[in-house]
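Enquirer: First the structure, which I've put down as structure tokens, then a few questions once you've had a look.
The values are calculated or read from the model by the stated rules, or taken from the named source; none is laboratory data. A quick note: this is a predicted structure, and the numbers were derived from the prediction, not measured. Every residue, glycine among them, receives a Cβ derived from its backbone with ideal geometry; neighbour counts consider all protein chains shown. These accessible areas exclude ligands, DNA and RNA; they are computed on the full protein's heavy atoms, side chains included. Shrake-Rupley method; radii C 1.70, N 1.55, O 1.52, S 1.80 Å.
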6 protein chains.
Amino acid sequence: MNLSSVTWTDVADSETDLALVPVGSTEQHGPHAPLGTDALLAEAIAEAGADRFDGDPVRSPTIPIGVAEEHRHFPGTMWVSPETFRRYVREAVGSLASHGFDRVVLVNGHGGNVDALREVTGTISRHDDAYAVSFTWFDAIDADDMGHGGPLETALLRYLFPELVRENRIEDAREGAAASWGEWVSRTNLAHDSAEFSENGVVGDPAAGDAERGRELFDESVAALVGLLEAVATRDVSEPDRRG
Amino acid sequence: MNLSSVTWTDVADSETDLALVPVGSTEQHGPHAPLGTDALLAEAIAEAGADRFDGDPVRSPTIPIGVAEEHRHFPGTMWVSPETFRRYVREAVGSLASHGFDRVVLVNGHGGNVDALREVTGTISRHDDAYAVSFTWFDAIDADDMGHGGPLETALLRYLFPELVRENRIEDAREGAAASWGEWVSRTNLAHDSAEFSENGVVGDPAAGDAERGRELFDESVAALVGLLEAVATRDVSEPDRRG
Amino acid sequence: MNLSSVTWTDVADSETDLALVPVGSTEQHGPHAPLGTDALLAEAIAEAGADRFDGDPVRSPTIPIGVAEEHRHFPGTMWVSPETFRRYVREAVGSLASHGFDRVVLVNGHGGNVDALREVTGTISRHDDAYAVSFTWFDAIDADDMGHGGPLETALLRYLFPELVRENRIEDAREGAAASWGEWVSRTNLAHDSAEFSENGVVGDPAAGDAERGRELFDESVAALVGLLEAVATRDVSEPDRRG
Amino acid sequence: MNLSSVTWTDVADSETDLALVPVGSTEQHGPHAPLGTDALLAEAIAEAGADRFDGDPVRSPTIPIGVAEEHRHFPGTMWVSPETFRRYVREAVGSLASHGFDRVVLVNGHGGNVDALREVTGTISRHDDAYAVSFTWFDAIDADDMGHGGPLETALLRYLFPELVRENRIEDAREGAAASWGEWVSRTNLAHDSAEFSENGVVGDPAAGDAERGRELFDESVAALVGLLEAVATRDVSEPDRRG
Amino acid sequence: MNLSSVTWTDVADSETDLALVPVGSTEQHGPHAPLGTDALLAEAIAEAGADRFDGDPVRSPTIPIGVAEEHRHFPGTMWVSPETFRRYVREAVGSLASHGFDRVVLVNGHGGNVDALREVTGTISRHDDAYAVSFTWFDAIDADDMGHGGPLETALLRYLFPELVRENRIEDAREGAAASWGEWVSRTNLAHDSAEFSENGVVGDPAAGDAERGRELFDESVAALVGLLEAVATRDVSEPDRRG
Amino acid sequence: MNLSSVTWTDVADSETDLALVPVGSTEQHGPHAPLGTDALLAEAIAEAGADRFDGDPVRSPTIPIGVAEEHRHFPGTMWVSPETFRRYVREAVGSLASHGFDRVVLVNGHGGNVDALREVTGTISRHDDAYAVSFTWFDAIDADDMGHGGPLETALLRYLFPELVRENRIEDAREGAAASWGEWVSRTNLAHDSAEFSENGVVGDPAAGDAERGRELFDESVAALVGLLEAVATRDVSEPDRRG
């Protein structure tokens, strides 16, 4: 049930306590992929996951601007501070919980949101009237070449939104890309911003993922999300006993 | 230029300093109109206004959840606190300004956002590196029967998103509607929540606006927005002199 | 019962649950009217309203500094941020409510406070242990020529505090005045500060309101306030039912 | 120059950089003295100090509600949190400083405000565009029997506002009074609220200060304030050198 | 019971509801005494007090950085803002209270922390699930020559940590010392920073306290703390009745 | 240079711009290991790293209480909120930077602090006058059996603080331990608190790390830290260019 499309009377008839909140970002994804990549993919996966799940969870609109100051040197990148992002998410989840949708999965498409979502779902689950957990599609699948605007995201875009991939800039994208995220010494990342290590904002090889791989990644992501929804729907979310 | 669809290199090639940020809400609009009404209409008007304006301003994704606690008694309504909303808007605008888009029009579709947007655009314009102003479509046109889920919004939905209007519930919508917003004594509104005065969340008669009126309202709104964009693009935004 | 003058034992004997909190501002009102205009008028109307109301509500001291940064270019104007103002009002009201004065009318004399008071009274009424509502005298009467330091305020000052009106500067005041508040395009105000549109801070014609009109305006304002107090005293302030 | 009474043009003609901000409280002062005691005395002393000082400093309206939760068990006591109080004071002082009044003396009448004023004047002086210092009249004079609603305050009220002292309740006030403030073990006060140690809110003997002593205390307080104003007006407020 | 050394199972076996939280500062103490003076002394006194008290209260680790911006001109001085310090203390105390240690004594070694600790212990005791009080060793003993890096602190260091006193710099310390804290006019301190009145950060004569006096001061401080712990352990911490 | 032990004059003679801030936690580490484990290990590694580094960086006292609410069900665990922790760290680092120590390594011993430290070091590096980076010893070494109170931490304790390991409880510790951290579905952790998956708070086998392994782990950790210090000392920390 897409909250944006239904009426309050439709919602009142719902019997679920499960909600999905897609969370994206509007930020540089190299010269070949759109700024909206993270929001578009999070929304597509959340929509498909909700559809394939046996039940009819509510789905909120996608939160389109997240924690992305690390890409601030690339034009068009938008962001809010982590604290503001957490407040926005927490209160939005709280409003869902007030209607009884108190098992909430944040469906996330952006690496920069992960820490903030882990923190805020902990805060919500401990202190508010809801249980919340964050799902990030690229952490939930069996792939180790995520990058940024790299093979995975580009593959998914080619499958889902091919018109948004600038294929004629793929070579440029490859040439200015970094091999991996960050600048590492003693297994510690010294860089705070992507412009410290990537010329054009890309990490990884965007040519390495075609639409077919995109389809596979999408199916794997959606299946993982459906599995998580099943676990969340039936989880005992009561507080554990104090020890001693 | 829709930021969600373009790449950072496209943005880098832009020569405008003008940005539009659509702002909506996800909240009850009666039994006949979708929760996403305000976001959908704000986005449509912003998109058309940006297109018709001579120039190519950037358009950010729509902020979908706003100040709507006044509808909290109706299932599915989402909200954040005014303070969190202002912080989210202020920081998002700040990120646009960091790229040179420092004349920003918030294109708003929700009455509950008006005060918060007036405040935050003042704060931004006085203290940050941008000039910002808020445009609310129904305050910019020549109509006095706005209501809530009433003739104007329903007319616009019928024109733009007819599949989202539940025509078979229009009679229910009329019957449970309030004639006007609020409970007034001494020209002062005593009600803080819409459930205090409207049985089903509707204010005004949703049957009173057909798709044709919707088309007229849309054109009038878009024309008003284009006029505003022209004024903002050329406005002297330097600070006035101190007096005395 | 003026809280500043009575003792706690007097308050303990009180049987009312109704309180008035006058709210003003200290800000420019043109070359002819004092910076304290808004506080003086709010206090006078609150005092008279409390006296004429059948019952003996408590009246707090007047909050003298409000949301007035829009007049920052004029010497002597004082202000706090809207957020600080809301916090100050909310906590002050909370302290009244702790003693059982949990129906609170903010009696306001300043346009710049209106949005913040609407927000904070909503917050209080929804989340704290009190019902609060904001009354702004010039919004409660039948007059459309409010201005700023204009006919209405000058008339009231002439009636209540004639020694504070610099009659010898009225011509100067008229000459540097703006005809109306703001700079409007597409029914949208592009100005955030009064110095953007008024040379001397005045809006409207201060010569257009004499002491006799001041007396009428005062009586009308006080009568409106008394009517509101009656409504607040008897209002059902329980939360409405959730729908669906 | 009382800001409430003058116009912005009067302020513009001022040549001083010195401002006084009276700070009071609205809180229980026993069965015999008014809740407004602290605000009334602070304002009277500030007014006289400004008058007797050779120069014409501006005087803001009195901040009437302060840090007084320690009296919360006594009806009518109003308060805000220390953090909100500091914010209100800091921003109000900042607005004065924006007009060039950047040497600011907070003239305080309430013990509960002292810590918060010390903190906020330090913050202002270190980080904002002003030098600020807090003056508390009863700490500035040669007397060690301050109490609360006790000999000093009652004497001052008898001199300045005799109509506000309920003389017929003085015996009651004495009988329920505490001998000293707090409950002390190891020179440490274990009490946080006045109701923990005073039956009726009074500390000290209100009969021990007549109007004549009030006159002396007033003159001593005002003289101390004038001395402070002279020091502040001429103080080198540049930041000291870093050592080393 | 030193929380840093014991296990959670040890804590679970504890039967006390009493906790000590040592609070220090890392700040200049002249050319002869270490930056850690306040933390070292607070910890030593807290440890001895807990040991000598009949019972086995828990002792948290020492909070090492406090409110010390007043020494910012001296290299190595560390600080946080008073607000952040209060939040850190309040939440740390709250975590102790969650385990049943809800009578908490803050054992403080730094004058700059005193106001903030008084405020935060009041806030905790009124609004949280614990009673808290602040003990500052030099306010709890019979001595009036505290200074800063002066006779008392230097004596205690000589007794407890003689290796940390640079005896060869004592003459330098004396020569650059101030006689007393602050710059006073009308019994009001005009200085906010120690560099305004002390050349080398010292106040008082560090030669005036030998190790023997240090032993006496230590014993007196510890005895005072033990007395306070006894009072806190048995205190009725229920809220007093509302009056009237 | 241990800031706690030196004087401000010693610090003034320093020529480094490098600082270490050890960060720990006070939280359950099973029935066999002390609550102070994380602070003790962070401090030991920071001290040795500073000693072995060629240069003489300053070392601040250890921040002893961190982000540990996930262990709240185990007695004695202390914590502050992530937001308060970040503020405390940010401001403490800011005070170091004010003295020229503007390359700051947070030496962390607690997994729960990692996200918050990553965020705050990004904030500091982007917006304040310092470059900061977080080093967590167990992320910097070649080992994949970290656990909690498990083989690595127990081994280090046995090497550095053998008296604090309760060897007689090791069997209990093993029996109640979880095999791994969290409850995972779709590679997503559903648990927010350690009590959801560990009976006694332990994760991993504390018998699997003896003192000899502890020595190796310590040396590896210290070497990693030294390598990081070298990189930080010489890093170009100027902001990268904006793209486009």
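Enquirer: Quickly run through the range D:109-153 and pick out the residues that are among the β-branched types (Val, Ile, Thr) and touching an Asp or Glu at 6+ places or on another chain (Cβ under 6 Å). Even if it seems obvious, please write down each step before you answer.
Expert: First, pick out the residues of the range D:109-153 that are among the β-branched types (Val, Ile, Thr): D:114, D:120-121, D:123-124, D:133, D:136, D:141.
Selection gives D:141 alone.
Enquirer: In the set B:121, B:84, which member is in contact with a Lys or Arg (Cβ under 8 Å, 6 or more places away or on another chain), of a type in the set (S, T, N, Q), closer than 19 Å to residue A:81 by Cα and assigned to a helix (DSSP H, G or I)?
Expert: On the way: B:121 fails: in contact with a Lys or Arg (Cβ under 8 Å, 6 or more places away or on another chain).
One residue alone meets the criteria, B:84.
Enquirer: Yes or no: residue F:41 under 30 Å from residue E:15 (Cα atoms), more than 10 Å from every other protein chain (Cβ to nearest Cβ) and not in a loop (DSSP other than H, G, I, E, B)?
Expert: Spelling it out, residue F:41 is indeed under 30 Å from residue E:15 (Cα atoms), more than 10 Å from every other protein chain (Cβ to nearest Cβ) and not in a loop (DSSP other than H, G, I, E, B).
Enquirer: A follow-up question, please. Can you list residue pairs whose Cβ atoms sit under 6 Å apart, with the first residue in the range A:64-79 being on the phi < 0 side of the Ramachandran plot and the second being in a loop (DSSP other than H, G, I, E, B) and of a type in the set (Asp, Glu)? Count only pairs 6 or more apart in sequence or on different chains.
Expert: Listed by first residue and then by second, the contacts come to A:68/A:27; A:70/A:193; A:71/A:27; A:77/A:27.
Enquirer: Which one is least open to solvent (accessible area, probe 1.4 Å), of the residues in the range B:168-190 that are in contact with a Gly (Cβ under 8 Å, 6 or more places away or on another chain) and facing chain C (nearest Cβ under 9 Å)?
Expert: Restricting to residues being in contact with a Gly (Cβ under 8 Å, 6 or more places away or on another chain) and facing chain C (nearest Cβ under 9 Å), the top hit is B:190.
Enquirer: Take the range D:124-138 and flag every residue that is closer than 26 Å to residue D:31 by Cβ and outside any strand (DSSP E or B). Spell out the reasoning first.
Expert: Our first condition is that a residue be closer than 26 Å to residue D:31 by Cβ; within the range D:124-138, this holds for D:136-138.
Scanning the range D:124-138 gives D:137, D:138.
Enquirer: Return the residues of the range B:142-167 that are assigned to a loop (DSSP other than H, G, I, E, B) and buried (at least 21 other Cβ atoms within 10 Å of the Cβ); say none if nothing qualifies. Spell out how you get there, then give the answer.
Expert: Of the residues in the range B:142-167, the ones assigned to a loop (DSSP other than H, G, I, E, B) are B:142-147, B:149-150, B:161, B:165-166.
Answer for the range B:142-167, where residues must be assigned to a loop (DSSP other than H, G, I, E, B) and buried (at least 21 other Cβ atoms within 10 Å of the Cβ): B:147, B:149, B:150, B:165.
Enquirer: OK, next. Given the structure, is residue A:207 surrounded by 21 or more Cβ atoms within 10 Å (Cβ to Cβ) and either part of a helix (DSSP H, G or I) or more than 22 Å from the chain's Cα centre (by Cα) (or both)? Please lay out each step first, then the result.
Expert: Values: surrounded by 21 or more Cβ atoms within 10 Å (Cβ to Cβ): no; either part of a helix (DSSP H, G or I) or more than 22 Å from the chain's Cα centre (by Cα) (or both): yes.
The answer is no for residue A:207.
For every residue, the table says whether it meets (1) part of a helix (DSSP H, G or I); (2) touching a residue at least 60 places away in the same chain (Cβ under 8 Å); (3) in contact with a His (Cβ under 8 Å, 6 or more places away or on another chain).
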{"position": "E:215", "(1), (2), (3)": "yes, no, no"}
{"position": "E:220", "(1), (2), (3)": "yes, yes, no"}
{"position": "E:225", "(1), (2), (3)": "yes, yes, no"}
{"position": "E:233", "(1), (2), (3)": "yes, yes, no"}
{"position": "E:237", "(1), (2), (3)": "no, yes, no"}
{"position": "E:241", "(1), (2), (3)": "no, no, yes"}
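Enquirer: Got a number for residues in the range A:220-244 being at the interface with another protein chain (Cβ under 9 Å from one of its Cβ atoms), under 19 Å from residue A:127 (Cβ atoms) and open to solvent by 90 Å² or more (accessible area, probe 1.4 Å)?
Expert: 3
Enquirer: When the residues of the range C:50-69 are narrowed to those that are out of contact with any Lys or Arg (no Cβ under 9 Å at 6 or more places or on another chain) and away from chain D (no Cβ under 12 Å), which ends up surrounded by the most Cβ atoms within 10 Å (Cβ to Cβ)?
Expert: Of everything passing the filter in the range C:50-69, C:53 is surrounded by the most Cβ atoms within 10 Å (Cβ to Cβ).
Enquirer: Now for a separate question. When residues of the range B:126-135 are filtered for being within 8 Å of chain C (Cβ to nearest Cβ) and surrounded by 22 or more Cβ atoms within 10 Å (Cβ to Cβ), how many remain?
Expert: Taking the range B:126-135 and keeping what is within 8 Å of chain C (Cβ to nearest Cβ), we get B:126, B:133-135.
Then keep just the ones that are surrounded by 22 or more Cβ atoms within 10 Å (Cβ to Cβ); that gives B:133-135.
Matching residues across the range B:126-135 total 3.
Enquirer: Hey, another quick one. Identify, please: which residue in the range A:83-110 is open to solvent by 10 Å² or more (accessible area, probe 1.4 Å) and without any contact (Cβ under 8 Å) to a residue 60 or more places away in the chain and is, among those, farthest from the other protein chains (Cβ to nearest Cβ)? Before the answer, list the steps.
Expert: In the first step, residues of the range A:83-110 are kept if they are open to solvent by 10 Å² or more (accessible area, probe 1.4 Å); the result is A:83, A:86-87, A:90-91, A:94, A:97-100, A:102-103.
Checking which are without any contact (Cβ under 8 Å) to a residue 60 or more places away in the chain leaves us with A:83, A:86-87, A:90-91, A:94, A:97-98.
On the way: A:83: 7, A:86: 8, A:87: 4, A:90: 8, A:91: 4, A:94: 9, A:97: 11, A:98: 6 Å.
Result: A:97.
Enquirer: Determine, yes or no, whether residue F:114 is more than 8 Å from chain E (Cβ to nearest Cβ), open to solvent by 10 Å² or more (accessible area, probe 1.4 Å) and out of contact with any Leu (no Cβ under 6 Å at 6 or more places or on another chain).
Expert: Numbers: more than 8 Å from chain E (Cβ to nearest Cβ): yes; open to solvent by 10 Å² or more (accessible area, probe 1.4 Å): yes; out of contact with any Leu (no Cβ under 6 Å at 6 or more places or on another chain): yes.
So residue F:114 passes the test.
Enquirer: Mind listing whichever residues of the range E:70-82 are surrounded by fewer than 24 Cβ atoms within 10 Å (Cβ to Cβ), facing chain F (nearest Cβ under 7 Å) and more than 22 Å from residue E:60 (Cβ to Cβ)?
Expert: The answer is E:72, and nothing else.
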